[in-house]
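Data first, discussion second: the structure below is written as structure tokens.
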Amino acid sequence: MKSMAISFNPIALIILSILFTTSEIARSETISLSESIDQSGRQRMLTQRITKAYIMRASQVNTFKAKMQLTASVVTFEKQLANLKEFAPTPEIKSKLAIVETQWGEFKTFATATPSKDGIKMLLKLSEPLLENSNEVVLALENYANRDTAKLINVSGRQRMLSQRIAKNYIAQYSGIMNESISNELNSAIQDFDAALTLFLKAPQNSKEITNSLEEVRTQWDFSKKGFTELKDGQYVPHIISVVSDSILKKMNNITGLYSDLLSDSASKKLLISAHP
């Protein structure tokens, strides 16, 4: 009897492992108010991260990493959307999530297709209304929470989104998508991130851990801005911007989690005060 040689594609195996470990994607998890603001804010970021990863694949920039990012981000978006739909505390928030879900369907179809130049243009177009309506969900949840720390979670989460938006537009220009809209979006995102980071460092709610983490972000951010200066001279460093933006994203994700903990703590104290007047 002839022996059968079985070969394995390492990329396929890793992607399958992601899908199998998140096989409960259709199920939702019970989340708190602070977690809902955090996760809805992360949805904004994922619209930009998925688009960025698609452009990276189409432009042959860290293609293996980009494929992994895109696959994992799609899974996470759908999981969190299910969580938010179950949590939605008001008809207004449920309605806003329904809009996001509809737009997500078309966006996902293009995002998971074979990368192409035309696909880049389409995804850039579709990502904007999806981002805007995902932001509407965050604002509605922040308003529902009605606490200062809820705003910190929102704005901190917005920094995550901006880190990916900057990388997305930077790499879009590198890929040859040169137009005024992309340039304006990139410059605006850089300015918004810089301004918000300065304000965060002055926030009175910051713990020592949060301040130290923000200082680390500031150091990396100052380094990455050198790449944007070189961009004006026509010198692109997409690999570096991709790595640094992901590092900043990771740190801002941790900081957002710390602000989320502050909201949870304040909510617990409020309950204790109400129970013991």
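The values are calculated or read from the model by the stated rules, or taken from the named source; none is laboratory data. Fair warning: this is a prediction, and the values are worked out from it, not measured in the lab. Because the Cβ atoms are built from the backbone with ideal geometry, glycine has one as well, and the counts that use them run over all protein chains shown.
Kindly evaluate Ala53 against the criterion of being surrounded by 22 or more Cβ atoms within 10 Å (Cβ to Cβ), without any contact (Cβ under 8 Å) to a residue 60 or more places away in the chain and not β-branched (Val, Ile, Thr). So Ala53 passes the test.
Inside the stretch 90-125, can you point out the residues that are aliphatic (A, V, I, L, M) and in contact with a Gly (Cβ under 8 Å, 6 or more places away or on another chain)?
Initially, the stretch 90-125 is screened for residues aliphatic (A, V, I, L, M), giving 93, 97-100, 111, 113, 120, 122-124.
Passing the criteria: only Ala113.
Residues in the stretch 197-211 that are among the hydrophobic types (A, V, I, L, M, F, W, C), outside any loop (DSSP other than H, G, I, E, B) and surrounded by fewer than 16 Cβ atoms within 10 Å (Cβ to Cβ): Leu199 only. Of all residues in the stretch 93-134, those satisfying the criterion of being more than 16 Å from the chain's Cα centre (by Cα) and among the polar types (S, T, N, Q) are Ser95, Thr102, Gln103, Thr109, Thr112, Thr114, Ser116. The single residue among Phe228, Phe193 that is of a type in the set (A, V, I, L, M, F, W, C), under 23 Å from Ile55 (Cα atoms), modelled with pLDDT of 95 or more and surrounded by 15 or more Cβ atoms within 10 Å (Cβ to Cβ) turns out to be Phe193. Residues satisfying the criterion are present in the stretch 78-97 (criterion: farther than 26 Å from Asn146 by Cβ and without any contact (Cβ under 8 Å) to a residue 60 or more places away in the chain). When the stretch 56-65 is filtered for residues that are assigned to a helix (DSSP H, G or I) and surrounded by fewer than 24 Cβ atoms within 10 Å (Cβ to Cβ), the ones remaining, listed by number, are Arg57, Ala58, Thr63, Phe64, Lys65.
For the stretch 79-121, the candidate set comprises residues that are of a type in the set (Phe, Trp, Tyr) and closer than 21 Å to Gln69 by Cβ; within that set, the residue that is surrounded by the fewest Cβ atoms within 10 Å (Cβ to Cβ) is Phe110. How do the pairs read when you match residues in the stretch 244-255 that are farther than 17 Å from Ile153 by Cβ with residues anywhere that are modelled with pLDDT under 95 and among the aromatic types (Phe, Trp, Tyr), using Cβ under 8 Å and keeping only pairs 6 or more apart or on different chains? Once the first residue is farther than 17 Å from Ile153 by Cβ and sits in the stretch 244-255, its partners that are modelled with pLDDT under 95 and among the aromatic types (Phe, Trp, Tyr) give Val244/Phe223; Ile248/Trp221. In the stretch 208-223 there is at least one residue matching the filter, namely being among the basic types (Lys, Arg), modelled with pLDDT of 90 or more and over 24 Å from the mean Cα position of the chain (by Cα).
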